[in-house]
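*Asks:* Got a structure here, written out as structure tokens. Questions coming.
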Amino acid sequence: MEALLIEHGRVVDPVTGLDREMDVLLREGRVAAVAAPGKLAGAARRTIQAEGLIVAPGFIDMHVHLREPGQSHKETIVTGTAAAAAGGFTSVCAMPNTTPVNDSVEITRWMRARERGATVNLFPIAAATVASQGKELTDFAALKEAGVVAVSDDGKPILDDKLMHDALRRAAKLKIPVVQHAEDSRLTAGCSMNAGAASFRLGLHGMPNTAEANVVERDIALSRDTEGHLHVAHISTREALDAVRRAKKSGLRVTAEVTPHHFTLVDENIGEFDTNYKMNPPLRSAADRDALIQGIVDGTIDAIATDHAPHAFHEKQVEFERASFGITGLETALPIAITVLHHHFGLPLGRIVELLSSNPATIFNLEGRGTLAEGAHADVTIFDANRKWTFDVTQSRSKSRNTPFNGWIFTGRVVATIVAGEVVYEEG
Amino acid sequence: MKPLHSLLGTDQLTTAQIESILALARHMDPRRAKQLLRGKRVVLLFYEPSTRTRTSFEFAAQALGATTTLIAASSSSVEKGESLIDTGRTVTALGADVIVMRHPNSGAPYLLSRYVPTSIVNAGDGMHQHPSQALLDALTITNHKKKLTGLRVVIVGDVFHSRVARSNAHLLSKFGAEIIFCGPPDLVPDVAALIAPGVTACHDLNAALRDADVVMSLRVQKERLAGRELGLEEYVEKYQINCERMKLARPDAILMHPGPIIRGSELTSEVADGPQSVVCEQVANGVKIRMAILATVMGASR
């Protein structure tokens, strides 16, 4: 593997605190050196000119659905990781709601095998219970050994108190988090969007905020009892956010991620039944959206994750209530974060990099990632924070097209994505 | 005025479009109509059982000289798993000029209208809208009240599940009427008031009825009350419209109901058959308004 020198970029590394023009030398899959511009001249034959660009530790998406095994008509590991690379993600963490459910060492290994053709690092999240049926815990220790970074029954929340308690306790011993999709499904049966004025107007049954908040409150209490690490997936309500804020203040091991769509869109954006705005948790009210922005600013929210959920045309272009939940998100996450959080709300770029790389690495214990410190993995995301461009879904690397952001004009674009010192995506 | 290609919801209509449909309907006589739609094919695509709306559209289409075909969900390929878009495309390829559609899912006609060029008339989609009902209600009201502006219209009952309530609220709001949704909190949530300007939500029927010009009663199904805090008995006590309560409204108030009526539930027989009731007139107006709607979306009204 040939060395690669990234020259004259503005290196933003929340872990080392670096934010200035530097050259970065990558060699043998690692960051070999970070030095003042020109100091490393000639150290590598391959160079990338990064003048005017941000050079950041590779982004880590904590929450994606790659659909393999079993649902390859929606996405494959090849297409999903290609989309990840195009979105600046050097690592993705794949949820276990595949067919069959990833609750085993075998499926975890199958997903991680070289033949699957992943172009970025793939870290599976295994099911917390066998077949995600909420009855019996899986073998966390063996799964961790096989490369799993967390456990979750994403989409089928663990509602049973005892089971969640045991999951947190077992995970705590292994120092892995339990990721919970917080939804009291007893309150949301038959619902296809958020409960509010928009759902009334559209004549659709709505999911109340309490369906999320109640589960988060319960999980926090269990985290206190067990000292387990609770990671709240795709937080969407102000009540749940308040609960996480209080938990953090009292020193609990509770972390939370937010999706770009939840801090950007609201339920009213569904318009006349556009299923590209249908996901779970649903888009909430403007008050919730504003609270999420506040939570990003004040540090309550730790990470931005996409919940990339590709679906085929025939699964989305049906009656709203029958359409599958979920939207794609890998290629639009950075552009939305930069456009909305940085340019509109003035959030520093360093904080955005933290939300997309160093914090996810810490939460999932991905050692040597989320930083460009010497010796770290040579995973790098290079982006232009000021480039204006239009997202055209027909150019997407994903197999699916279910996004509400087609045609959006963004400021901020990924220029190159480097995994283990190799360029896996280059703009143009 | 913008020509109307499809009738999906009353919120999308301009007052000029509404007034034009009402004016046309006033001139429609089902027994001696001009054959404005001769040779046209009207497909009635019904995914949900319906007697009155379906018959009303059938008579309306036939009165104008169109041929009609009923596709009922139970007897067609939809049961074999064909998607709505594919069914719509098939019906269009067969030569349908208009698709009149009834569907249990809110928004279904909106989906279809994005994928087929054929005119679509929404004959009721889930809990969402029933625009032809709101138009026939407007026709009925204006027969008695001359204008909609400034009227106090009380819509009583299961507003939450009612597409009729939603379509009426949008339409009446456009003309500056005052609309009061009234019923128990479970069936009249506070957010209902945000549907359009001039709409309020109220849980006290006696207060709502005071000085009402129009009282619109909605069907209350026992199974919809199941699992809620309110039983049918208590509903009747608090929200049933009876002669006593009708006296709170203006003396010249009219009583409406989209049907089917459940006597003894949302209203008493005395009220349903009383002098203020215009329920049968609504049904008769239904054919006229649907003639006007079909002629309008087919561009045959001029």
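*Asks:* Is at least one residue of segment A:139-157 out of contact with any Leu (no Cβ under 7 Å at 6 or more places or on another chain), surrounded by fewer than 22 Cβ atoms within 10 Å (Cβ to Cβ), away from every other protein chain (no Cβ under 14 Å) and under 30 Å from B:Q129 (Cβ atoms)?
*Replies:* no
*Asks:* Turning to a different aspect of this structure: Is segment B:233-245 home to any residue that is closer than 24 Å to B:P49 by Cα and either loosely packed, with under 14 Cβ neighbours inside 10 Å or of a type outside the set (S, T, N, Q) (or both)?
*Replies:* Among the residues of segment B:233-245, not one is closer than 24 Å to B:P49 by Cα and either loosely packed, with under 14 Cβ neighbours inside 10 Å or of a type outside the set (S, T, N, Q) (or both), which makes the answer no.
*Asks:* Can you tell me which residue within segment A:297-325, out of those that are buried (at least 23 other Cβ atoms within 10 Å of the Cβ), away from chain B (no Cβ under 12 Å) and over 12 Å from the mean Cα position of the chain (by Cα), is farthest from A:A86 (Cα to Cα)?
*Replies:* Going through the qualifying residues, I end up with A:T300.
*Asks:* If you don't mind, another one. When segment A:58-72 is examined, which residues are found to be of a type outside the set (K, R) and touching a His at 6+ places or on another chain (Cβ under 9 Å)?
*Replies:* Of everything in segment A:58-72, those that are of a type outside the set (K, R) and touching a His at 6+ places or on another chain (Cβ under 9 Å) turn out to be A:G58, A:D61, A:M62, A:H63, A:V64, A:H65, A:L66, A:Q71.
*Asks:* Which of the residues spanning segment A:367-391 are surrounded by fewer than 19 Cβ atoms within 10 Å (Cβ to Cβ) and within 20 Å of the chain's Cα centre (by Cα)?
*Replies:* A:E367, A:G368, A:F391
*Asks:* Still on this structure: Would a scan of segment B:229-248 turn up a residue that is modelled with pLDDT of 95 or more and under 19 Å from the mean Cα position of the chain (by Cα)?
*Replies:* no
*Asks:* If the requirement is being of a type in the set (G, A, S), in a helix (DSSP H, G or I) and more than 14 Å from chain B (Cβ to nearest Cβ), which of these qualifies: A:A182, A:A221?
*Replies:* Of the residues listed, the single one that is of a type in the set (G, A, S), in a helix (DSSP H, G or I) and more than 14 Å from chain B (Cβ to nearest Cβ) is A:A221.
*Asks:* Right, something else. Do you know which residues across segment A:123-138 are assigned to a strand (DSSP E or B) and either surrounded by fewer than 18 Cβ atoms within 10 Å (Cβ to Cβ) or among the aliphatic types (A, V, I, L, M) (or both)?
*Replies:* Passing the criteria: A:I125, A:A126, A:L137.
*Asks:* Could you list, in sequence order, the residues of segment A:361-392 that are closer than 21 Å to A:T339 by Cα and out of contact with any Phe, Trp or Tyr (no Cβ under 8 Å at 6 or more places or on another chain)? Can you show your working first?
*Replies:* Going residue by residue through segment A:361-392, those that are closer than 21 Å to A:T339 by Cα are A:380-392.
Once the filter is applied, which keeps residues that are closer than 21 Å to A:T339 by Cα and out of contact with any Phe, Trp or Tyr (no Cβ under 8 Å at 6 or more places or on another chain), segment A:361-392 yields A:V380, A:I382, A:F383, A:D384, A:A385, A:N386, A:R387, A:D392.
Table: residues versus (1) in contact with a Lys or Arg (Cβ under 8 Å, 6 or more places away or on another chain); (2) surrounded by 24 or more Cβ atoms within 10 Å (Cβ to Cβ).
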| site | (1), (2) |
| --- | --- |
| B:D158 | yes, no |
| B:S167 | no, yes |
| B:L171 | no, yes |
| B:G176 | no, no |
| B:D186 | yes, no |
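*Asks:* Answer yes or no as to whether A:T394 is at pLDDT 95 or above, outside the structural domain of A:E145 (by TED's automatic domain parsing), over 17 Å from the mean Cα position of the chain (by Cα) and not in a strand (DSSP E or B).
*Replies:* So A:T394 fits the description; yes.
*Asks:* Now for a different question. I'd like to check which helices (runs of 4 or more DSSP H) are fully inside segment B:202-302 and have at least 2 residues that are of a type in the set (A, V, I, L, M).
*Replies:* B:205-209, B:232-239, B:269-272, B:279-297
*Asks:* Continuing with the same structure: State all residues of segment A:70-122 that are part of a helix (DSSP H, G or I) and of a type in the set (S, T, N, Q); if no residue qualifies, say none.
*Replies:* First, pick out the residues of segment A:70-122 that are part of a helix (DSSP H, G or I): A:77-86, A:105-112, A:114-116.
Answer for segment A:70-122, where residues must be part of a helix (DSSP H, G or I) and of a type in the set (S, T, N, Q): A:T79, A:T81, A:T108.
*Asks:* Quick one: in segment B:33-43, of everything that is assigned to a strand (DSSP E or B) and without any contact (Cβ under 8 Å) to a residue 60 or more places away in the chain, which residue is nearest to B:P109 (Cα to Cα)?
*Replies:* B:V43
*Asks:* Among the candidates A:D161, A:D166, which residue alone is surrounded by fewer than 22 Cβ atoms within 10 Å (Cβ to Cβ), free of Cβ contacts under 8 Å to residues at least 60 places away in the same chain and not polar (S, T, N, Q)?
*Replies:* Details: A:D161 fails: free of Cβ contacts under 8 Å to residues at least 60 places away in the same chain.
Selected residue: A:D166, the only one of A:D161, A:D166 that is surrounded by fewer than 22 Cβ atoms within 10 Å (Cβ to Cβ), free of Cβ contacts under 8 Å to residues at least 60 places away in the same chain and not polar (S, T, N, Q).
*Asks:* Check A:G375 against each of (1) out of contact with any Asp or Glu (no Cβ under 8 Å at 6 or more places or on another chain); (2) assigned to a strand (DSSP E or B) and name the one condition it does not meet.
*Replies:* With (1) out of contact with any Asp or Glu (no Cβ under 8 Å at 6 or more places or on another chain); (2) assigned to a strand (DSSP E or B) applied to A:G375, the lone miss is (2).
*Asks:* Could I ask something else about it? Among the numbered criteria (1) in contact with an Asp or Glu (Cβ under 6 Å, 6 or more places away or on another chain); (2) buried (at least 22 other Cβ atoms within 10 Å of the Cβ); (3) closer than 20 Å to A:A142 by Cβ, which single criterion is violated by A:V179?
*Replies:* Going through the list (1) in contact with an Asp or Glu (Cβ under 6 Å, 6 or more places away or on another chain); (2) buried (at least 22 other Cβ atoms within 10 Å of the Cβ); (3) closer than 20 Å to A:A142 by Cβ, A:V179 breaks only (1).
*Asks:* Filter the helices (runs of 4 or more DSSP H) completely within segment B:77-196 down to those with at least 2 residues that are away from chain A (no Cβ under 14 Å).
*Replies:* Working: elements: B:84-93, B:108-115, B:131-145, B:163-174.
Once the helices (runs of 4 or more DSSP H) in segment B:77-196 are filtered for at least 2 residues that are away from chain A (no Cβ under 14 Å), what remains is B:84-93, B:131-145, B:163-174.
*Asks:* Ok, one more. Which one is nearest to the chain's Cα centre (by Cα), of the residues in segment B:60-74 that are buried (at least 16 other Cβ atoms within 10 Å of the Cβ) and in a helix (DSSP H, G or I)?
*Replies:* So the residue we want is B:A60.
*Asks:* Under the condition of being part of a loop (DSSP other than H, G, I, E, B) and over 11 Å from A:P282 (Cα atoms), which residue from segment A:198-212 is nearest to the other protein chains (Cβ to nearest Cβ)?
*Replies:* Here the residue is A:G203.
*Asks:* Going by what's in this entry, would A:V215 be described as part of a strand (DSSP E or B) and assigned by TED's automatic domain parsing to the domain that holds A:L283?
*Replies:* Spelling it out, it is not the case that A:V215 is part of a strand (DSSP E or B) and assigned by TED's automatic domain parsing to the domain that holds A:L283.
*Asks:* On to the next question. One residue is enough: does segment B:41-49 have a residue meeting the conditions within 14 Å of another protein chain (Cβ to nearest Cβ) and of a type outside the set (F, W, Y)? Give the derivation first.
*Replies:* As a first pass, look at segment B:41-49 and keep what is within 14 Å of another protein chain (Cβ to nearest Cβ): B:45, B:47-48.
Then drop every residue that is not of a type outside the set (F, W, Y), which leaves B:45, B:48.
Taking every residue of segment B:41-49 in turn, at least one turns out to be within 14 Å of another protein chain (Cβ to nearest Cβ) and of a type outside the set (F, W, Y).
*Asks:* I would also like to ask the following. Restricting to segment A:246-274, count the residues that are surrounded by 24 or more Cβ atoms within 10 Å (Cβ to Cβ) and of a type in the set (G, A, S).
*Replies:* The total comes to 2.
*Asks:* Looking at the structure I just gave you, is B:R54 in a loop (DSSP other than H, G, I, E, B), more than 14 Å from every other protein chain (Cβ to nearest Cβ) and either at pLDDT 90 or above or buried (at least 19 other Cβ atoms within 10 Å of the Cβ) (or both)?
*Replies:* No; evaluated as a whole, the condition is false for this residue.
*Asks:* Of a type in the set (G, A, S) and within 23 Å of A:G326 (Cβ to Cβ): is that true of A:A113 in this structure?
*Replies:* no
The values are calculated or read from the model by the stated rules, or taken from the named source; none is laboratory data. This is a predicted model, so every value here is computed, not measured. Quick reminder, even Gly has a Cβ in these numbers, built from the backbone with ideal geometry, and neighbours come from all protein chains shown.
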